[in-house]
Structure formats: structure tokens, C-alpha cells
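The values are calculated or read from the model by the stated rules, or taken from the named source; none is laboratory data. Bear in mind that the values here come from a model prediction, so they are computed numbers and not experimental data. Cβ placement follows ideal geometry from the backbone for every residue including glycine, while neighbour counts extend to all protein chains displayed. Protein only, heavy atoms only, side chains kept; ligands, DNA and RNA dropped before computing areas. Shrake-Rupley method; radii C 1.70, N 1.55, O 1.52, S 1.80 Å.
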2 protein chains.
Amino acid sequence: VPVSMFFLKRRMPDPAQRDLLMRQEASRQTGGRVVLTAAEQKLDAYLHRLKEQEMSATPFPPALHFFKAKPLIEKSPVFKLLQKMPKGAALHIHSSSLVSVEWLVKNITYRPNCYICFTWDNSVRFQFSARQPFPRWDCFYWQLLETLRAKIGDPTGFDNSLMQHLTLFTEDPDGQYPSQDVVWGKFEKAFIASAGLVTHAPVLKDYFYKGLEELHRDNILYLELRSGLSRTYELDGTIHDKFWTLKTFQEVTKKFIGDHPDFLGARIIISVHRALSISEVKAAVKEAIQLQKDFPDVVAGFDMVGREDSGKSLWFFREALSLPAELGVRLPYFFHAGETDDEGTDTDQNILDALLFNTTRIGHGYALAHHPLAKELSRKRNVAVELCPISNQVLKLVSDLRNHPATVLMSEGHPMVISADDPSLFGTTGLSYDFYQAFVGIGGLKANLGTLKELAANSITYSSLPAHLKDSGRAMWQKKWDAFISANL
Amino acid sequence: VPVSMFFLKRRMPDPAQRDLLMRQEASRQTGGRVVLTAAEQKLDAYLHRLKEQEMSATPFPPALHFFKAKPLIEKSPVFKLLQKMPKGAALHIHSSSLVSVEWLVKNITYRPNCYICFTWDNSVRFQFSARQPFPRWDCFYWQLLETLRAKIGDPTGFDNSLMQHLTLFTEDPDGQYPSQDVVWGKFEKAFIASAGLVTHAPVLKDYFYKGLEELHRDNILYLELRSGLSRTYELDGTIHDKFWTLKTFQEVTKKFIGDHPDFLGARIIISVHRALSISEVKAAVKEAIQLQKDFPDVVAGFDMVGREDSGKSLWFFREALSLPAELGVRLPYFFHAGETDDEGTDTDQNILDALLFNTTRIGHGYALAHHPLAKELSRKRNVAVELCPISNQVLKLVSDLRNHPATVLMSEGHPMVISADDPSLFGTTGLSYDFYQAFVGIGGLKANLGTLKELAANSITYSSLPAHLKDSGRAMWQKKWDAFISANL
Ligand SMILES: [Zn+2]
Ligand SMILES: [Zn+2]
């Protein structure tokens, strides 16, 4: 590019050259090289007009806390279009928050034999049981939910209070969550509260099905679900192991595809908490290797989860994470890495280590933008970042999403997919909310239909699927995409 | 770098190679290639320990609004070291907020013939006058300040209330400034309120002197001051023009250097408000060309000021800004550009246009990190960004400074200097507060003494000084730096 040329000239910068530079820069952004069809160009122009209106609105939703922005977003014509758009795959969602709490409370807690207990720290526990459950260290007094609900007499109010326990959503996020510590505390509490419901074996089946349904309704055709594969229990006290959970997941997915032939499938990324010891993680890695052998079509790989800032680093677990290579087997990694504001700390090094351990994607990669060498590696090796903007905001890494570091990554067209992390905790379903934030807040006015198309296509490209299934996925998605374009002209 | 090599190996990433990568990445950051002397290394190790303590503290000052963080910062040992450190030059400060409001109120408003008037919108105006000033459109009733102060009887309380009018500083920034609009409104109000004081000719002399003194006390040796060169007035009603102001600035600077031989000097960047019309800006450019001829040692160049988001773009003024090139004269530009959160808007294009108009430095460049092409141009052409972190936070571009986009620029060693923008409005003096935020908040744990040394040295390198004065400046600074290192071992 003969850029230096026209700085020497003694006159106004040439408007044509200026346009060229602006176009060159725009071509680097995510989707900047996508060639749009005539029909797509028409929709793009319409979308641009909608976006201009959206961006001059006060308040600007991506600048607000999502819990306050949500009702505004739901009124947005851009959002409504994004809901209809085929978004491809959801590659970063945790099983514990796959399904909306509304369904958990209105459906699951109304089932027979559901017991509830209130803990000393103002949380709840649930348990399905044929008889009164035994007291536990954290729960002294179990009540049959049906009886309690009848006694209280205000089922709507009561159910709302139950939902409060299962989600971070609140009308006063700034007051309730003054710090990362507080919001992560509530995060873990909600996780534990829902465990008694979703680890009940019959519930889990319905839960998986319902989860796929919510994604499918949001025009998503494939899922990679991070799951710890908790043991599940039957009414009679029988306990099922991880094998059972994977088997169930496989069967539910098969049934769902039978009912919805335009859905491609779902896989599991086995996730282990970073609070474990090295030897426990070693055991988990070995187990994951075995489960992948048993379920090659279901198990995509392995990840470590839990708050990075307060947990141990990937490098701390290096012995465990080197096991597959030592054993000569391949266990793909999908590491959460760089979900932090702190620079130069051990946590901040997780991104480089994730790459050194040959990660397939990077969960969040919030810190990647200020790691120039890791960024180059990630780009060169086509390791996509899983961007979950609402999660980052709710967990207080950033307040105004226009300051999200992914603005840099998007402007450079860094490999990227959009995901939802913990939809039910944040009060979302599917990916449309996160697409909205990424497209309007992070991408700004310059992100366009090409950006959306590339982000959707990326979700198939960067999935763990084998080549032939990626091809089927791409074909299925393209068909939906073309229909979406025609329907919205 | 044979990076790809060890991804293929079937074992744990080699710790030595990992260290190498980490060092390679660290070498890219601002100051990453500075070679420290043995003494400097010792101080660096001490500084690193201090910083580790600082970064584990709760609350972490750069994460808070500066108005709340200020008392914490003042207790910080890192900050105290930064105050003693020779910081080089202050290249981005506006004349209207050069001197602390404490001095304005406690010294200037106590001078004889000072009148005050309260406006309908709860602001104040000042005027020095031999007799009762005439009512103005915005000010109906002028009172002699001396009389009013005596009448009120609580001089401390009264003086504090006056200070409130002259600064943005408040204990409740979130409540008082809910939006960018509100904080910019107060910004302009404070600017107008102080104008009557500092445009009084005898005050201006003392004001300039005091301003240099405050910088000198913060271990700064050179200043480039952005100024609109407002007309000044004498008690008898005489009005002085811009020529007088430049002459006065030159004389005061000379006197200050006489009194402080370790101070290098000060220059002016003539600044024009972007609210003007194209023809007015044309006239201002022509005038700046003339003033630069008249004061080649004082006038460094030209800039456009005022809020970018609500003002006209540089490209709008292209005819005016092309005048020097057309006339075959050189008028260096020091454009504010990219002081915005909005992406893809006209304002967001100011950065590219500043570069196309051959700007010498970029004021703020907040948006630069997500303009990959402009970023490359700026780097290639050695156009430094003037980073003013406290200003960006107070004016609500970012809340937690760890999310400032300069994290990206610093990690890449982008040409950069640190400055204070409007110290008196933000309740700072000198550059130490902004250095603290850049070093601790934006640089994170990985920024070190090399970073500080490079930032200080940059301020001389990227100044508008001719080569021989840069050499003197560097020598003066190096002497101070060496003394600083020895004194703090
Ligand atoms: Zn996650
Ligand atoms: Zn400024």
C-alpha cells in the first residue's frame, strides 16, 4: 500500500485515498472481507439504518448493565432481527445454566416428591425423594415443596422468590453486586441451589431436551456444552455415574434431532473445577480420555472451570495437562483463559499457557488483546476466542461494553465466536442477546451484516466437529441463512 | 522465533521456552527493551514488591473513580516514588486548568478589586474592576468579593463553595455526573467560571508562573501548553491581544527559568474550539501561522479542542486545515482525536484524519486501539499518543482503568506519553497521578521501571523542541534521573 505517498503532498488529503484507507481498515474487521450478495447488501443497508437509530438512542443499551438494558434490547428492531438470524452453533455454555430458571421453577419444582430446604446463609437446596430426606450439614429441615407452596398461599410471589435463588438477575445489579467477589459468591450459590434439581436423573433428561429446544428456538443448530458430568440420583437413591450422563445426553440429543431434523447435534466438553488438587485433575484427565474413547461422538474435549482470579493457574496443573501427550493420546482442550482484569499476574498468563497446551479455542480470552505475542499465536494457529460479552459485564470485568477489549479483536478480524456462558444466570436464552451486545456495543456502527455472517459461520468452523459434519452443518446453516435473508428483505 | 516447534512435541511445554516467550512478549511493552543499570534493577525489584502489595489491595485505586481513589493513591508508596521521579515533560495540559483551584481561590480571589456574580444557572463569574462592573446578559448583579466574604462570615465554607465552581472534583462523582453530557456540561461551566480570573492581565502572569512552579515541584522540566490565547484585560479596561499573551508567556517562562535553572522551558499549542465555523477556523489557522512566525520559540503548533462527540470532525474542517500546506508553510498539528467510546462514527474517524493531516502527536487517541490501520500508521510515523487516563475516566469514557484501551497500546510499546489534560478540574497537580494510573492501572504488574523510564524519555523525544533543545532536555533529565535512582536505593 503506497500509504506514505500522500503525506508528502502539499495539499488536502485526497478524499478518494482517504476512502480507500477507511475501506482497507474496515476490511480487516470480523466479516470485513465477506462478499455480500445483492439481497444481503439490501438487508445490510436496512440494518445500518436501524443501527444508526440505535446508536443515537439514550441510554445506549450496551453502555448499561445488562439487567437494566434487557427490556430496552427486547424492544430493539436490531435485536428482533438477530433473534430470527441463524446464528450457527453455541460453543460456550455451561450445563448448570443451560435452561431458563422460569422453566426450572414453573415446571420442575411442581413435580411430585420435590423437597426444599433453606440454608443458614439464605440459600435453598432442592431434593427429589420418596420420603423426607435426611438433614445434611448445610440443610437441617426439608419440606415438601407442594405442601410449603400451598401453605404460603402466594404461589407467584413464592415462585419468584425461588427464581431469585437460581439466577443473578436483579433490578439493582450495582447495589446487589458491588464487587467481583460478591457477584461470584452469588454465582456459586445459584449453581449449588439448582444442583439438587438438575442432578435428579429424570429431570436431567428433560433439562437437556428443554435446553436444546431453547437454543433451537433462537435459531441455533448445534451445541458444545461444558459439563462436569455430575452424578445423578433416582428417587430410590440409586446413583448414576458420568457414563450414564453421557449416555443420556447422547440419547436425548438423538431424540431431539429426530423431532427437529434441522438440528445438527450436541457435544460435551468435560469440565473440571480449578479448585481441585493436581492429583484430582490428573485423575479427571485420565477419566476424560476414557470417556472420549467410550463416546467419541459426544465428548469434544476437556476444560478447567471456576473463577480464574481466585483459582490456580493452568501452569500449576501442567503435570496433569501434559498427561494426554505423554500417553500419546489426543484430548482436545477448550480452556477458559484470561477471564481477568488483572495484568501481569499468574492468571493473566493462562492465555499463553492455554496456547502452549495446544488449546482448540480460548474461553473468553478477555485479556488476549494486551498479549501481543499470544494474540499472534492464537491468530496464526486459528484458535478462536469464545466471546461472551454479557457474562463479562455481569461478572464485572467491564461496565460499558464499548470498552470491552474485543473491540480490538473484532477490528482486527481475530478468530472469534459469540456465546452466552451462563444464560439462565444472566437472564438470557440462546445467543441473540450476546450477539446484540457484540454487534451493536463491541462492533459499533462499523460492524455489519458481513460481521454477523462471519461470526455465525465461525461457530461451525471453530467447532470440534469432524470435517464431514462441519460440511453438513455449513450446508444446513447456509440454507437457513438464505431463507433468513429472503424473509427479511 | 521457532515458536511452532514445541507445539508438536508430545510432552509438557518446556518451562525454559515458556519463559522465553513470556520475556519476548514483555519486551514488546513500553520500556520492554530498556536496559536497566544495576542500581535501576535494584530499585525495580523494590518497586515490583510495592506494586504487588498495591495490586492485591482492596479496593484497587485504578478500579475506582479517581475522586474516590485520590486519597488512597496519596497514601501509596508507589505514588510517593512517582512524585519524586523526574517525569520529563508535560505535553498535554490546557491553560484554563493549569493551576490548582486552591491557589485561584485562596490567592487570586483575595486580591483587591475582585468582583463576583452568581448566574441564574448556579454558576459564578469573576471580574477585576476599579469600579462596580456593568451587568451582563448572564450576570445581573456584581458584588465586591471582599465585602461579600466579610458579610458571609464563614470564609472557609465560602471559599470551598467557590472552589466547587472551578473544578469537577466532588465526593459523589457517580451521583453528580450520571452521564457524559452532564460531566461535559459542568466542565464547560467551570471553564467559563475561571475565565474572569485568569484573563485578568496581572493575574495571568502570576498564573503562568504558578503553573510552572506546580509542574516543577512535581519534577517536570518542560511544558507544552494548549491555549486559546484569550484576550486579557487590565483594571482600566485595556484589552490585550494574543500577541500580548504570547509575549507575557515568553517573559514569564524566561523569568521562571532564571529562578529555576533546572527547568527547560515551555511552549504553546494554539487551540481553537471545534464549535467555530470553517471560515473562523481558516482565520485562526492563518493567525496561528503568523503568531508562529512572530514567536518561533514559543508557538509549537495548532490544535482543535472541545468535546469531539458533540463537535465537528477534523474532516469537516479540511479546507481550513489544508491552508498551511497550500500556503507552503509548516504549522505542526497536535490534534485531539479519538476521545470517544463510539465506534464507526465520524468522530471515530478523527484519528485517521489527524494522521492524514500529518499530526505530530495524537491527543488521547482513546479509539486508536481498535483502528488497526491508523495504529500502524501512527507507529510507523512515530506519532505518539498523549495518554491522559484520569481525564478519560472523569469524562466517563471508561470506569475501571484496567479496561482503558491503552492497555493494548502499552503492551505493544506504541509511541506514548503521559499527561494530565486538565489537572485543576480533576483535582490533580503535575503528572504523578496520571503516571500512577498508567503505571499501576493500565500497565498492570508487568509495567516496570523500564516502562517509567521510557515514558519519561518519550516526553522529550516526542516534544516539539528542536533537536539541540531535545538534547539539552535529555541531558538535564538524565542527570535528575540518576540522582533519583541513587536517592531511592
Ligand atoms: Zn464459561
Ligand atoms: Zn485535552
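At a glance:
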quantity: Copies compared at A:Pro178 - label distances in nm, ascending, label defined 7 Å from Cα in the Cβ direction; calculated: 2.2
quantity: Computed accessible area, A:Trp477, all protein chains, 1.4 angstrom probe, square angstrom; calculated: 10
quantity: Evaluated over the stretch A:29-131, the Cα radius of gyration and Dmax, each in Å; calculated: 21.3, 65
quantity: Descending semi-axes in Å of the stretch A:399-464, equivalent ellipsoid built from Cα gyration tensor; calculated: 18, 16, 11
quantity: Computed label-point distance, nm, for sites B:Ser277 and A:Ile257 using a 7 Å Cα→Cβ extension; calculated: 7.1
quantity: Shortest-first nm distances, B:Phe134 label point to equivalent points in other copies (7 Å, Cα→Cβ); calculated: 9.5
quantity: Using alpha-carbon coordinates, inclination of helix A:66-75 to the longest axis of chain A, degrees; calculated: 70
quantity: The stretch A:136-221: chymotrypsin sites (Phe, Trp or Tyr not before Pro) in DSSP coil with no more than 11 other Cβ atoms inside 10 Å; calculated: A:Trp137, A:Phe140, A:Tyr141
quantity: B:Met12, A:Met85, ranked by accessible area, largest first (probe 1.4 Å); calculated: B:Met12, A:Met85
quantity: Quotient of Cα Rg and 2.2 N^0.38 Å for chain B, N being how many residues it contains; calculated: 1.01
quantity: When each of B:Lys205/B:Lys242; A:Lys51/B:Lys312; A:Lys87/A:Lys479; A:Lys87/A:Lys453; B:Lys87/B:Lys453; A:Lys210/A:Lys255 is checked by Cα-Cα distance, pairs over 19 Å; calculated: A:Lys51/B:Lys312
quantity: Solvent-accessible surface (1.4 angstrom probe) belonging to B:Ile152, in square angstrom, nearest 10; calculated: 90
quantity: Label point 7 Å beyond Cα along the C-beta direction, distances from A:Gln478 to other copies (nm, shortest first); calculated: 6.4
quantity: Net charge dipole size for the protein assembly as shown [Lys, Arg +1 and Asp, Glu -1 on Cβ; Debye, nearest 20]; calculated: 1600
quantity: Chain A - mean residue ellipticity at 222 nm from DSSP helices (-39,500 (n - 2.57) per run, n ≥ 4, rounded to 500); calculated: -14000 deg cm²/dmol
quantity: Where no second cysteine Cβ lies under 4.7 Å, the cysteines concerned in chain B; calculated: B:Cys114, B:Cys388
quantity: DSSP beta bridges in the protein assembly as shown [antiparallel fraction, %, rounded to 5]; calculated: 25
quantity: Shape of the stretch A:258-344, Cα gyration tensor, a/c cut at 1.5; calculated: oblate
quantity: Spherically averaged projected area of the stretch A:198-334 from its Cα convex hull (nm²); calculated: 9.3
quantity: Added length on full extension, which subtracts the Cα-Cα distance from 0.36 nm per residue, B:Lys380 to B:Gln24; calculated: 126.1 nm
quantity: For A:His273, distant residues with modelled amide H under 5 Å away; calculated: A:Val305
quantity: DSSP beta bridge pairing in the stretch B:201-340, given as percent antiparallel to the nearest 5; calculated: 15
quantity: Cα-based equivalent ellipsoid, the protein assembly as shown: semi-axes from gyration tensor eigenvalues, Å; calculated: 55, 31, 28
quantity: For the stretch A:314-376, the Rg and Dmax computed from alpha carbons only, in angstrom; calculated: 11.8, 36
quantity: Cα-based shape type of the stretch A:129-284, given that a ≥ b ≥ c are square roots of the gyration tensor eigenvalues and the cut on a/c is 1.5; calculated: rounded
quantity: Peptide B:439-446 - average C-beta neighbours from other chains (10 Å radius); calculated: 3
quantity: For the stretch B:344-489: rounded, prolate or oblate by the Cα gyration tensor [a/c cutoff 1.5]; calculated: oblate
quantity: Residue order for B:Leu455, B:Leu276 - accessible surface, 1.4 angstrom probe, largest first; calculated: B:Leu276, B:Leu455
quantity: Charge sum, other residues only, whose C-beta stays under 13 Å from B:Lys446's C-beta, Lys/Arg counted +1 and Asp/Glu -1; calculated: -4
quantity: Folded to 0 to 90 degrees: helix B:449-461 orientation relative to chain B principal axis, Cα; calculated: 50
quantity: Chain B: angle of helix B:242-259 to the longest principal axis, Cα-based, in degrees nearest 10; calculated: 60
quantity: Cβ-derived FRET efficiency at R0 45 Å, A:Ser161 paired with A:Ala487, nearest 0.05; calculated: 0.65
